Every structure is written in structure tokens, then in C-alpha cells.
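Asks: Would you mind keeping the following structure in view while I ask a few things?
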Amino acid sequence: MSRRIRILADAVANQIAAGEVVERPASVVKELVENALDAKARRVEIAVERGGKRRIRVSDDGLGMVREDAVLCLDRHATSKIVQADDLKGVRTFGFRGEALPSIAAVSRLTLETFSDDDDTGTVVSCSGGQINNVGDVARRRGTTVEVRNLFYNAPARSKFLKAVAAETRAVSDAVTQLALANPHVAFMLTSDDRTLLELEAAADAGVRIAQVWGEEAAGTLIGVYADDDGYEIRGLVQRPDEARAGVRRSFLAVNGRPFRASGLGQAAMRGYRTTIGEGIRPWTYLYLTVPDGEVDVNVHPAKAEVRFREEARVEALVEGAVRAAMEGEESGARFQSDIVVPPLEVREPGDRGRSAPRRDGRGGEQQMALFASGPRAPDAPEATGSAGAQGTPGGDAAGSATGATARHAGPAMDADALRGARPRLWQVLDTYVFAETRDGVMIVDQHAAHERILFERLMDAYERGGQEGQRLLFPLTLRLTPPELRCVEDLSGLLERAGFEVESFGGDTVIVHAVPNPHRYFDAERAFREMVDELTNGSELVRSARNQHERIAMTFACKSAIKAGQRLSDSEMQELFDQLFATRMPHHDVHGRPTVVRLSGSELARKFGRS
């Protein structure tokens, strides 16, 4: 019998490896730039011709290599990063498997020039199809330059799968952008057919780098996020909800300095935005994760584009919590166009664990209070409990009772007593907006959106306690419903009752409503109930965005029951609305994702009146 098992020749093995590592010109660029970063380069220049199909050149000012290493690095699995398998647990460099250069060389004509301070002269190595043709001397500065020509010249089947020049150029630009965002301390230049696509000087932090890439105006729409949990840390910038739009979402993830893809973490970030943005809105997110050695596997993807976390659920929860905490803060609120401020974001260089950021836990009360109070609250100042009549009492103030919700959440958002004591001047405009003077300008509150947030959080808290009581009606409501509406009410009767609606079937298509909530004195129970049932039955953007049935009921109740635009409020009602809004967890956003508050700074007013 003839043998059927054989050992592949090195050239064939390298071409197979290249099929995994080198998918397109952008893959080559990524691998070569990562090598430059591992060599501690502070400037990397990339040039491509015809999208990288004809030529790719990556030059750096890193450590360079001595001659022996320059030759050896073209052998498969030649690496300085690991010796044994356990070393993979702590690897914090981009390249470590020794596959990139030999794989690239196997499917191109490659020239490598390098010079190290440890050698007397520079070295040039040229090869074709993985075979070294020449090794010689070259005069050059410290660092390394790799030039790749005629990619896939000896693998025409692979070449046929490459896309148009414009598409390949975009892919190269995206790859460089990702690495530039991960390494703001490094300068990058990318040219395509002698046209400059990116020119980024070394930046002090990631906020500046984002501004370099996308512009200061875009970077000015971002706010900081931070969270940590026993060695796990997230620093990042995410977009303010009022600035987020539908369409292309700019997102970035890095772990221990390594860019990667993870749809689960992207979804976790979006969950953090819950009830602050509408359906279809895609805010930008830039998140930098640091995790302990051994908690992330970076060796699960041939091109190292994906990673695996040992405790993935924990990382997702940390991401969601960090974004959620950012949404609770004052910085997430809407504002009029003012001075563009790019938020700073210091990120650690790979292997650097010495720096830390101040812990952020979402408690922004003192910051909010400082807008109005003449000074910080005394340490022994009491927490707010509100002053309106109890919920369900006829003639209660517009915002209902502050008892419970205010006392529970005064810490995270704004101390209501401190606000009341400061007594900001409030006035209503167009029977819709409540204006308040702050220390540095004017705050404008949308009364309907603000009351939505109050009612939503109050009902969600009530659900946790078993529900809220309704007020018995002297004359119950008798309502006729469509068959789908009747089925919806029957299916949700338990949750509706815990929301304060006591509903009884009366036969046929009729129900009787015996009790209803009483969120404010202007509440139209029949109208609110009918609108709630219609929306719950037929669905809506709001209902579809809810996580569960409890949230669906709370959202629709808040939307249909809140005081309306056009409703005139008394001074005490405005004050109560204001106090209760800033006692919620997320006072700057209603349940549709619209802003409840917009700020107009004194500097913007001065600019408009020519005083600046």
C-alpha cells in the first residue's frame, strides 16, 4: 500500500497559515503595525498603493532588531514573547505566536529593513514566497521598515476574493484607526497612493485621540464612564443621549490595550442606555477594559480579533453598570451648543498597571446640588422626604407624593431638601417648560418629560415592593374594548392591579374599572387607561424597547399619566416637580429617551449678547 499521510512542506504550511492570518491587505497592515507597537514605537507610518494590493509599507522608530533576529523572525513560530504555554496567561503584547511575518512573506514579495542600537549596522532581508533571497547591510535610523509587494501574487485564487481598491483602502484605514484609538500615545500617519488619510500626532489621552480622528465637535458629545470590580476596570467615553442618532454606530473595545470585537459587550453597553434613547438610536461607545492576567484568552482567533473572558457575564455586567452610572450623572443631560469640551480619558499603555482613575459610582448628588446651593450640604443634613400630599389624595400636587421615592433616591441624583433650601427661582413658560436659575446659567425642564421619569421610577420601585394601591372610584368606569384589547387587559390584569388599576370583566367586550392610581390632580383616568391599553395591545416603539412586562406597564403608565404640556402649574407644583425629578436615578432622561432637562450656560448667553 502506498502512504497517504505526509508532512507538508514549509512553503505549503506557511501558505495555509497565511490563509488564516492574512485575509486581505488590512490584515497585513494590522499585523505589521502591531509588531511596531510591540517594539515600543512612538511613531508608525503606513503607506499603501491600490488598497494594499500592489504595495504596503510600514515603518516605525521602535527598538529594531539585530541581524540574527531579523533573519530568524521570518521562521514560523519564531517569537520573543513566550516560552511555554503558561506564558499565554499573562501575554500583554499584540504579537506572540510568530505567525504573522512568515505568513505574510509566504504570499508576497517582502523586504525587511531594521537597525538596533545593539548592532553595528542595519540589516536588510528580502524574500519571495517565503524563501529568503538576500541578507545584507543597510544604513538607516533605529527602527524597522517592512515593505510588502504584490500580495497573493503566488495565490491567485486568494487574490480573486479581494474587493475593489476603495473597499480595501477603507478596511486598511479602519484597521489603523482601531490601533490608533488603542494607542493614543503613538503618532500615526497613513497614506494611500500618496494621499494622506490619517495624520495623528501623539495624544495625551484617548479623548484627544478621538477628537483627532472624528473631530472636536464629535468628541465633545462624549462623556466619561468608569467602573471597577476587584481587578476588573473599565474606562471609556460614551455619547450623550441627546447627541446620539440612528445610523452607523462608532464603537471601540480594547482589553489590556488590545482592540477586539465582542457583540455581547456592545449589547451590554446598549442596555446601559435603557430608557435614555429611543429605538434605533446608536450612540458611540469607546471602552477600555483592564482585566487580571489569566482572566482573558487572547488566543482564540487566528487574527486575534476576538477574545474570550473567563467570566464573561461579569464583564458584561460591569460594562452595563458603567454606562448606566454615566447616564445617571449630570453630564449626560442635554445642553444648548456651548464651548466644545473634549473629555479627557487617560488609558494605560500595555503592561502599565501603576495608574488608576477616581472611582465613579454614579452618586452625583453633591454635583447637582452645587448648581443651586450656596455651599456644600452639611454632613448631618437630613435626607429629603418631600412635602406633597400622599399619593391618591384628591387635590394632591402635580408631581404627587415625594415620600418613598424621594427618600430612597435623593443620594444618587440631587438632595431635594438642599435644593428646596437653596430655593432656585422657578417660572413656567408656555405652560410647558419650567425655568430655573442655576449658578452658571439657566436650566429648562420639560414638565411632561420630567413627570414621566418620576412616575416610571416610582412604579418600578412599587413593583419591587409588591405594587402600589389605587384609589377607589365613587363611580366606576365602564369601558368597551376591542377583542385584542380585552385579551391584553386579561393577560396583564395582575400587573395592572399592582399598578393601581383594578379591572373586572363585565361580560362581552366590556370591563369595569373600580380603582385607578392618582398621580396628580389633573389625571384623566379614563383617557390614560384607554391610551395605555391601546399602546400595550398594538405595540409601539416605547413598548418594544422594554425589557419585560413590568417595564412595559411602567413605561406606558408614565407616558399616558404624566402631566401634559400646556398644563399651568402653581409655584408649589413646579417646586415639587423639580424636587422629585432630581430625586430619581436618571433625572435627565424621560422613558422615550428624550431629555427632561436642557442647560443654557451663562457663557453661551454672554456670547449671544456679544459680552464674551
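The values are calculated or read from the model by the stated rules, or taken from the named source; none is laboratory data. Everything numeric in this text was worked out from a predicted model, so none of it was measured. Positions of Cβ are backbone-derived with ideal geometry, glycine not excepted, and every protein chain shown enters the neighbour counts. Ligands, DNA and RNA are stripped out before the accessible areas are found, and what is left, the full protein with its side chains, is counted by its heavy atoms. Shrake-Rupley method; radii C 1.70, N 1.55, O 1.52, S 1.80 Å.
Asks: Glu147 passes all but one of (1) part of a helix (DSSP H, G or I); (2) among the acidic types (Asp, Glu); (3) within 15 Å of Ala47 (Cβ to Cβ); which number fails?
Replies: (1)
Asks: Are any residues in the stretch 245-271 in contact with a Ser or Thr (Cβ under 7 Å, 6 or more places away or on another chain) and of a type in the set (S, T, N, Q), and if so, which ones?
Replies: Within the stretch 245-271, Ser251, Asn256 qualify.
Asks: Still on this model: Given the conditions (1) on the phi > 0 side of the Ramachandran plot; (2) open to solvent by 50 Å² or more (accessible area, probe 1.4 Å), and given that Glu201 satisfies all but one, which numbered condition is not satisfied?
Replies: (1)
Asks: Something else now. If I go through the stretch 56-78 residue by residue, how many of them are open to solvent by less than 40 Å² (accessible area, probe 1.4 Å) and part of a strand (DSSP E or B)? Walk me through it before giving the result.
Replies: Narrowing the stretch 56-78 to residues open to solvent by less than 40 Å² (accessible area, probe 1.4 Å): 56, 58-60, 62, 64, 66, 70, 73-74, 78.
After this cut, where a residue has to be part of a strand (DSSP E or B) as well, the list is 56, 58-60.
The number of residues fulfilling the criteria is 4.
Asks: Oh, and also: Return only the number of the condition from (1) of a type in the set (Gly, Ala, Ser); (2) under 31 Å from the mean Cα position of the chain (by Cα); (3) within 25 Å of Asp524 (Cα to Cα) that Ser561 does not satisfy.
Replies: (2)
Asks: A follow-up question, please. Which of the residues belonging to the stretch 470-496 are out of contact with any Phe, Trp or Tyr (no Cβ under 9 Å at 6 or more places or on another chain), more than 14 Å from Thr537 (Cα to Cα) and surrounded by fewer than 16 Cβ atoms within 10 Å (Cβ to Cβ)?
Replies: Once the filter is applied, which keeps residues that are out of contact with any Phe, Trp or Tyr (no Cβ under 9 Å at 6 or more places or on another chain), more than 14 Å from Thr537 (Cα to Cα) and surrounded by fewer than 16 Cβ atoms within 10 Å (Cβ to Cβ), the stretch 470-496 yields Arg472, Leu473, Leu474, Phe475, Arg480, Gly494.
Asks: Just checking, which of Thr121, Thr111 is in contact with an Asp or Glu (Cβ under 8 Å, 6 or more places away or on another chain), open to solvent by 20 Å² or more (accessible area, probe 1.4 Å), on the phi < 0 side of the Ramachandran plot and modelled with pLDDT of 95 or more?
Replies: Values: Thr121 fails: modelled with pLDDT of 95 or more.
Being in contact with an Asp or Glu (Cβ under 8 Å, 6 or more places away or on another chain), open to solvent by 20 Å² or more (accessible area, probe 1.4 Å), on the phi < 0 side of the Ramachandran plot and modelled with pLDDT of 95 or more holds for just one of Thr121, Thr111, which is Thr111.
Asks: When the residues of the stretch 564-590 are filtered to those that are among the aliphatic types (A, V, I, L, M) and buried (at least 24 other Cβ atoms within 10 Å of the Cβ), which remaining residue is farthest from Gln239 (Cα to Cα)?
Replies: Only one residue fits best here, namely Leu577.
Asks: While we're on this one: Could you list, in sequence order, all residues of the stretch 235-277 that are more than 10 Å from the chain's Cα centre (by Cα), within 15 Å of Leu181 (Cβ to Cβ) and either open to solvent by less than 40 Å² (accessible area, probe 1.4 Å) or free of Cβ contacts under 8 Å to residues at least 12 places away in the same chain (or both)?
Replies: Arg235, Ala254, Val255, Asn256, Gly257, Arg258, Pro259, Phe260
Asks: Under the condition of being at positive phi and surrounded by fewer than 18 Cβ atoms within 10 Å (Cβ to Cβ), which residue from the stretch 278-305 is modelled with the highest pLDDT?
Replies: Gly280
Asks: Can we say Gly220 is free of Cβ contacts under 8 Å to residues at least 40 places away in the same chain and under 23 Å from the mean Cα position of the chain (by Cα)?
Replies: When the stated conditions are applied, Gly220 does not pass them.
Asks: Looking only at the stretch 321-334, which residues are of a type in the set (Asp, Glu) and over 16 Å from Tyr286 (Cβ atoms)?
Replies: Glu328, Glu330, listed by residue number.
Asks: Within the group Val591, Val598, which residue is under 25 Å from the mean Cα position of the chain (by Cα) and part of a loop (DSSP other than H, G, I, E, B)?
Replies: The unique qualifying residue is Val591.
Asks: Output the residues belonging to the stretch 560-588 that are assigned to a helix (DSSP H, G or I) and aromatic (Phe, Trp, Tyr).
Replies: The one that is assigned to a helix (DSSP H, G or I) and aromatic (Phe, Trp, Tyr): Phe578.
Asks: Still on this model: Having 3 or more residues that are within 32 Å of the chain's Cα centre (by Cα) and closer than 30 Å to Gly602 by Cα is the bar; report the strands (runs of 3 or more DSSP E) wholly within the stretch 440-505 that clear it.
Replies: In the stretch 440-505, 441-446 are the strands (runs of 3 or more DSSP E) which contain 3 or more residues that are within 32 Å of the chain's Cα centre (by Cα) and closer than 30 Å to Gly602 by Cα.
Asks: For the stretch 529-548, name all the residues that are surrounded by 14 or more Cβ atoms within 10 Å (Cβ to Cβ) and assigned to a helix (DSSP H, G or I).
Replies: Within the stretch 529-548, Phe529, Arg530, Glu531, Met532, Val533, Asp534, Glu535, Leu536, Thr537, Leu542, Val543 meet the criteria.
Asks: Looking at the stretch 603-612, is at least one residue open to solvent by 10 Å² or more (accessible area, probe 1.4 Å), modelled with pLDDT under 90, part of a loop (DSSP other than H, G, I, E, B) and charged (D, E, K, R)?
Replies: Among the residues of the stretch 603-612, at least one is open to solvent by 10 Å² or more (accessible area, probe 1.4 Å), modelled with pLDDT under 90, part of a loop (DSSP other than H, G, I, E, B) and charged (D, E, K, R), which makes the answer yes.
Asks: Separate question: For the stretch 474-525, name all the residues that are of a type in the set (Phe, Trp, Tyr), under 30 Å from Ala565 (Cβ atoms) and free of Cβ contacts under 8 Å to residues at least 40 places away in the same chain.
Replies: Within the stretch 474-525, Phe475, Phe501, Phe523 meet the criteria.
Asks: Would you mind finding the one in Thr537, Thr584, Thr556, Thr596 that is polar (S, T, N, Q) and over 26 Å from Arg245 (Cα atoms)?
Replies: Thr537
Asks: Would the stretch 67-82 turn up any residue that is modelled with pLDDT of 95 or more and of a type in the set (A, V, I, L, M)?
Replies: No, the stretch 67-82 contains no residue that is modelled with pLDDT of 95 or more and of a type in the set (A, V, I, L, M).
Asks: Hey, another quick one. Taking the stretch 438-469, which residues are over 22 Å from Glu573 (Cβ atoms) and out of contact with any helix residue (DSSP H, G or I) (no Cβ under 8 Å at 6 or more places or on another chain)?
Replies: Across the stretch 438-469, the qualifying residues are Arg439, Glu464, Arg465, Glu469.
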